[in-house]
Amino acid sequence: MPTTMIAATQIELNDEGFFVHPEQWTEEMAAELARRESIDPLTDRHWTVLRFMRSEFLDKGTGPTVRALGKTSGVSVKELYQLFPKGPAKVAARIAGIPKPRGCI
Amino acid sequence: MAKRVVILGGGTGGTLVANRLRRLFSGTDVELVVVDQNDRHVYQPGLLFVPFGLAHSEDIVRPRQRQLHDGIKFHESGIERVEIGANEVHLHDGSVLGYDVLVVATGASLILEETEGLAGPGWMDKVFTFYTPEGAGALEAALATFDGGRVVVNVVDMPIKCPVAPLEFCFLADWYFHERGIRDRVELTYVTPLDGAFTKPVASKQLGGMLADKNIELVTEFNTSEVDGAGGRLISYDQREVPFDLAVVIPLHGGASYVGRSIGLGDALNFVPTDEHTLQSKVADNVFVIGDAANVPASKAGSVTHFEGETLVENVRRHLAGEPLIDGFDGHANCFIETGFHKALLIDFNYDTEPLTGHYPGRVGLPLLKQSRLNHLGKLLFQSVYWHGLLPGRDIPGIGATMPSSGKIPVAATGATTTPKE
Ligand SMILES: Cc1cc2nc3c(=O)[nH]c(=O)nc-3n(C[C@H](O)[C@H](O)[C@H](O)COP(=O)(O)OP(=O)(O)OC[C@H]3O[C@@H](n4cnc5c(N)ncnc54)[C@H](O)[C@@H]3O)c2cc1C
């Protein structure tokens with residue numbers, strides 16, 4: 001499994017770039033993770049989403065899908081795509097250091 | 001004192017649970033009440049065939065009450081809300097039903113309003129869905145007079161009922177236009193939010209290959225933000241566009257709206273948080289959930305609902321008797337996938353095992369993940385099994401609730417892409 005240095009810490013990421021150990025994540029890592037996703041700078045609106053993703057994950061064991069985010073995070077689906085154009089749920093999960101949201105089947 | 005079990009929804013899950021509970025508690029004083037908003041039970045898998053003139057709306061609808069065994073009360077009314085704390089259901093007709101155990105079986109609903117333009121200009125004229133009897137009927141008329149152009153089939157987002165149905169629609173459309181001799185004048189495109197034809201890797205590869213073979217274009221990772229019926233285009237959140245002359249859209253799904261009105265019952269999409277193995281809700285000990293209404297990570301399919309029935313009914317009995325619940329449900333699903341030209345393929349999977357090649361239910365059986373006439377006959381036969389085996393709550397011979405693995409070829413052995421030798 002690939003490891004990488006982020007904010008001077010050795011981090012283990014899976015093949016799709018998600019944290020293997022979400023507890024390794026700190027807020028200091030977010031800016032660098034965001035740049036890797038071509039998001040620079042991280043605004044307050046981004047942070048609203050990232051903090052929400054984190055707390056949902058800690059609460060429920062999986063990050064929310066885009067639709068659930070749009071309904072509960074206070075950021076509409078349209079704005080979510082403006083903030084994270086390449087797919088809000090996945091990209092925000094990578095930046096927030098949580099596993100890939102367990103999608104639906 | 002008599003115990004009362006109230007079952008919300010008289011569709012696939014509500015009906016089979018009521019009938020199984022009736023048998024289990026025959027001769028005891030458990031009272032069973034089924035609530036539904038209407039008395040029209042639709043055999044939903046049949047909706048796929050209506051647009052192509054292979055089934056008619058009236059043939060796939062039967063009265064709900066007739067599917068319920070004697071001794072089960074049927075109460076026809078919409079549901080206003082559930083009060084979990086008070087163990088009460090409030091109905092649109094003003095009545096209030098108290099319960100000892102509540103079974104939520106109200107399925108999934110289509111939410112058109114959440115997609116801009118979907119229900120706007122062009123709806124039921126150039127933009128259709130086959131997920132309702134009305135939609136499937138209107139689409140039949142539209143297809144009959146369609147003589148060429150761009151047809152797109154679009155899944156707005158997951159989860160949806162029967163996630164293979166939109167693919168089956170594509171395969172049947174290919175066959176249908178061939179039969180009419182105009183296939184070369186029709187461009188068929190499948191537009192999905194997923195990164196492949198299907199959710200599970202082995203099946204996705206197989207189904208993606210079939211789309212290519214049938215000359216059906218595949219557009220992936222398309223998250224529909226708007227359906228512009230007047231302009232004839234789908235628009236995604238990342239500003240991509242797919243033009244169409246006729247669009248077949250599978251709208252967003254959510255749980256029933258009363259779930260949202262019932263404090264503490266549902267999640268953000270109005271599905272009910274449910275333990276994936278016991279089928280007890282996570283919101284109250286005496287609330288159980290079956291079928292599409294549950295937020296478990298299984299397909300929203302009639303076969304899943306059927307396999308859940310056994311565990312759910314046993315756990316309702318245990319709950320009433322004060323015994324510990326069983327972790328009985330393994331996520332077992334199987335579906336026939338109609339592929340056109342009188343063939344179908346079969347997939348079988350559960351929470352832990354993706355659909356594999358091989359045979360079902362054992363080595364001598366129906367071929368898995370492979371087109372065959374036998375599977376097509378299986379699909380046709382399913383309608384009769386549905387009314388006469390599944391709804392009455394009978395165990396269907398040879399088809400157990402837990403997933404069989406004896407006839408299957410593991411991924412490592414197949415290299416994930418090859419089909420098995422006969
Ligand atoms: C086009 C299509 C094709 C399909 N093909 C297949 C297939 O090939 N194989 C397969 O296994 N599955 C298939 N399915 C899926 C299958 O039909 C469903 O998964 C199954 O019916 C789910 O059962 P259920 O009891 O959860 O919900 P349903 O059978 O939908 O029942 C829900 C009931 O709740 C009632 N209800 C909802 N809200 C309220 C309210 N507020 N008040 C009162 N009553 C309410 C509804 O009227 C309905 O009767 C298909 C579905 C569709 C749409």
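The values are calculated or read from the model by the stated rules, or taken from the named source; none is laboratory data. What you see is a predicted model, and the numbers here were worked out from it, not measured in a lab. Backbone-built Cβ (ideal geometry, glycine too); neighbour counts: all protein chains shown. Calculation scope for accessible area: heavy atoms of the full protein, side chains included, ligands and nucleic acids excluded. Shrake-Rupley method; radii C 1.70, N 1.55, O 1.52, S 1.80 Å.
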For peptide A:63-69, what's the mean number of Cβ atoms from other chains within 10 Å of each residue's Cβ? 4
Per residue of B:221-232, count partner chain C-beta atoms within 10 Å of its C-beta, then hand back the mean as an integer. 1
Give the angle, between 0 and 90 degrees and rounded to the nearest 10, that separates the Cα long axis of helix B:201-213 from the longest principal axis of the Cα atoms of chain B. 40 degrees
Helix axis angle, A:44-60 relative to chain A longest principal axis, alpha carbon, degrees: 80 degrees
Step by step: find N for region B:335-418, compute 2.2 N^0.38 Å, then divide the Cα radius of gyration by it. What's the final number? 1.12
Convert 37 °C to kelvin, take the viscosity as 0.692 mPa s, use the Kirkwood radius over C-alpha pairs of the protein assembly as shown as Rh, and evaluate the Stokes-Einstein diffusion coefficient in µm²/s, rounded to a whole number. 134 µm²/s
For residue B:233, what accessible surface area do you get with a 1.4 Å probe? Give it in Å², rounded to 10. 80 Å²
Among DSSP bridges having both ends in the protein assembly as shown, what percentage is antiparallel? Round to the nearest 5. 50 percent
Please state, as a whole number in µm²/s, the translational diffusion coefficient that the Stokes-Einstein equation yields for region B:180-337 at 25 °C and 0.890 mPa s, with Rh defined as the Kirkwood radius across alpha carbon pairs. 131 µm²/s
For region B:112-252, dividing by residue count, accessible area per residue (probe 1.4 Å) in Å² works out to 36 Å²
Which listed pairs, of A:71/B:161; A:71/B:205; B:126/B:370; B:161/B:200, have C-alpha distances above 26 Å, in listed order: A:71/B:205; B:126/B:370
Enter the buried accessible area of the A/B pair, total of both sides, probe 1.4 Å, in Å² rounded to the nearest 100. 1500 Å²
Length gain on complete extension for the stretch residue B:245 to residue B:2, per 0.36 nm per residue less the alpha carbon to alpha carbon distance? 81.6 nm
Can you tell me what percent of all Cα-Cα pairs in region B:1-139 are more than 25 Å apart? 40 percent
Hydrodynamic radius by Kirkwood, which averages 1/r over all alpha carbon pairs of chain B, in angstrom: 22.3 Å
Hey, what's the per residue convex hull volume over the C-alpha atoms of region B:272-334, in cubic angstrom? 62 Å³
Need one value: the accessible area of residue B:33 in square angstrom, 1.4 angstrom probe, rounded to the nearest 10. 10 Å²
Please determine, in degrees from 0 to 90 and to the nearest 10, the orientation of helix B:165-179 with respect to the longest principal axis defined by the Cα atoms of chain B, where the helix direction is its Cα long axis. 40 degrees
Write down the radius of gyration of chain A and its Dmax, each obtained from C-alpha positions, in Å. 12.7, 38
Among B:286-297, B:358-369, the order from most to least packed when residues are scored by Cβ within 10 Å on average: B:286-297, B:358-369
Residue B:162: accessible area at probe 1.4 Å, nearest 10 Å²? 40 Å²
What share of the DSSP beta bridges in region B:112-252 is antiparallel, in percent to the nearest 5? 25 percent
What percentage of all Cα-Cα pairs in region B:112-252 are separated by more than 28 Å? 10 percent
Taking every DSSP beta bridge with both residues inside chain B, roughly what % is antiparallel (nearest 5)? 50 percent
